[in-house]
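Let me begin by presenting the structure, written as structure tokens, before commenting on it.
Derivation of every value follows stated rules applied to the coordinates shown; laboratory data play no part. This structure is a prediction, so every number in the text was calculated from the model and none was measured. Here the Cβ is made from the backbone with ideal geometry for all residues, glycine too, and neighbour counts use every protein chain on show.
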Amino acid sequence: MNTSGIDIAAFITAMLAAGFVAAVPLLLASLGEAVAEKSGSLNLGIEGMMLAGAFFGFLAAYSTGSAVWGTLAGIGTGVVAGLLFAFLTVTLQVDQTLVGIAITILGAGLTAFLYRDIFGRENPSADVALWHVHIPLVQDIPVIGPAVSGQPVLFYVAYLLVPVFAFLLNRTRFGLEVRAVGEHPFAADASGVNVARVRYIAMIIAGGMAGFAGAYLSVTDLRLFQVGMTVGLGFIGLAIAMVGAWNPYRIAITAVAFGLLRSLGNGLQILGVDIRTEFITMLPYIGIMVALVLLAGRTALPSALGVPYVRGRR
């Protein structure tokens, strides 16, 4: 079927593919944020962690020509940032909001400085080979098949992490401890759970996933780094974790919906729909705000979210 010279089936396939790809960094960051918030840590530094992961991931990929090393460097950078957050908020008891904002500012400033210092006015791209996976049978499904088959391997890793995180949070002892520490840290401590250890591990996971998200953006998706390239995606990831009620499957659906809204804006322009570009760009963010408003009364925050825990003090 064609409309104004455009193959509608091919157009929808391209839109779906763009939406699924756009959802990946948000999905990765949101899954990590869900673990952090479930443990009682409000990680407002997620934006800075994503930026740092994007820069150091790109730097490693550019230097080695390997997407694997780039991704690992991004994850490692995020882990270091998560440890810093945990040390300041759990060990030193510094306010989580202030620490998160500071890490975001540090990530933005440090990556901008280092990028300009190393590359100057150049805008190099990472010459890395990506392994694309073609899924038998799935790729033959009309419209949807070509959108989900033939993607880079990390695309599938991201979506496969959804059931992994669901299992981690709901079916393991660690997940039980995370939920206990986020809801009733005093009771968890009294039952023998090391609150500090659980929050440290949760922040390591959150930081690593934020770094992974940034590295995916700069190494696998765009293969380049730009100053401030996350443009608020970290904070959107934080909102998605809340909209998804810290449930990995709901988070995945919300992330994909956001990604599809982003691709819808480009699609409307291709179709020649007479809508201002600024409004099209706003669509996904409006969608997140509407979702937050509609679900605000139905979503109960973890009781100890953002509250520091000091043993023996209530």
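How many angstrom separate the Cα center of segment 219-268 from the Cα center of segment 11-33?
6 Å
Against the longest principal axis of the chain, how steep is helix 153-171, in degrees 0 to 90 to the nearest 10, with axes from Cα atoms?
So the helix axis and the longest Cα principal axis differ by about 30 degrees.
About its Cα centre, what dipole magnitude does the chain give when the only charges are +1 on Lys and Arg Cβ and -1 on Asp and Glu Cβ, stated in debye to the nearest 20?
My answer is approximately 880 debye.
Which one of Gln96, Thr111, Tyr156 is farthest out on the positive end of the charge dipole of the chain, using unit charges on Cβ (Lys, Arg +1; Asp, Glu -1) and the Cα centre as origin?
The Cα lying farthest towards the positive end belongs to Gln96.
Counting pairs of alpha carbon atoms under 8 Å apart in space and at least six apart in sequence, what relative contact order in percent does the chain give?
Here the relative contact order equals 36 percent.
Please list the non-local residues whose amide H lies under 5 Å from the amide H of Val133, H modeled 1.01 Å from N, same-chain partners needing a gap of 5 or more.
Result for Val133 returns Gly150, Gln151, Val153.
Which residue fluctuates the most in the chain, going by a Gaussian network model with Cα springs under 10 Å, if the choices are Gly232, Gly70, Gly182?
Answer for the Gaussian network model of the chain: Gly232.
For Leu224, list long-range residues whose amide hydrogen, built 1.01 Å from N in the peptide plane, is under 5 Å from its own amide hydrogen.
It is Ala126, by chain and number.
Once you put a point 7 Å from the Cα of Asn123 and another 7 Å from the Cα of Ile286, both along the Cβ direction, what distance in nm separates them?
Using points 7 Å along Cα→Cβ, the separation is 2.9 nm.
Once you have the Cα-Cα distance between Val157 and Ser63, take 0.36 nm times their residue separation minus that, and quote the gain in nm to one decimal.
31.4 nm
Given the DSSP H assignment, sum -39500 (n - 2.57) over each helix run of at least 4 residues in the chain and divide by its residue total; what's the result at 222 nm in deg cm²/dmol, nearest 500?
Here the helix-only value at 222 nm equals -22500 deg cm²/dmol.
Based on Cβ point charges of +1 for Lys and Arg and -1 for Asp and Glu, what charge dipole magnitude is obtained for segment 111-221 about its Cα centre, in debye rounded to the nearest 20?
Computed charge dipole of segment 111-221: roughly 340 debye.
Starting from segment 129-236, pick out the chymotrypsin sites (Phe, Trp or Tyr not before Pro) whose DSSP state is loop and whose Cβ has at most 12 other Cβ atoms within 10 Å.
Trp131
Can you list the HN-Hα couplings for segment 32-47, worked out from phi with the Karplus curve (6.51, -1.76, 1.60; θ = phi - 60°), rounded to whole Hz and with x for Gly and Pro?
My calculation for segment 32-47 gives x, 5, 4, 5, 4, 5, 4, 8, x, 9, 8, 8, 6, x, 4, 5 Hz in order.
Among residues other than Gly306 whose Cβ falls under 14 Å from its Cβ, what is the net charge (Lys/Arg +1, Asp/Glu -1)?
Net local charge, Gly306 excluded: -2.
Give me the extension gain from Leu176 to Trp131: residue separation times 0.36 nm, minus the current Cα-Cα distance, reported in nm with one decimal.
Between Leu176 and Trp131, full extension yields an extra 12.6 nm.
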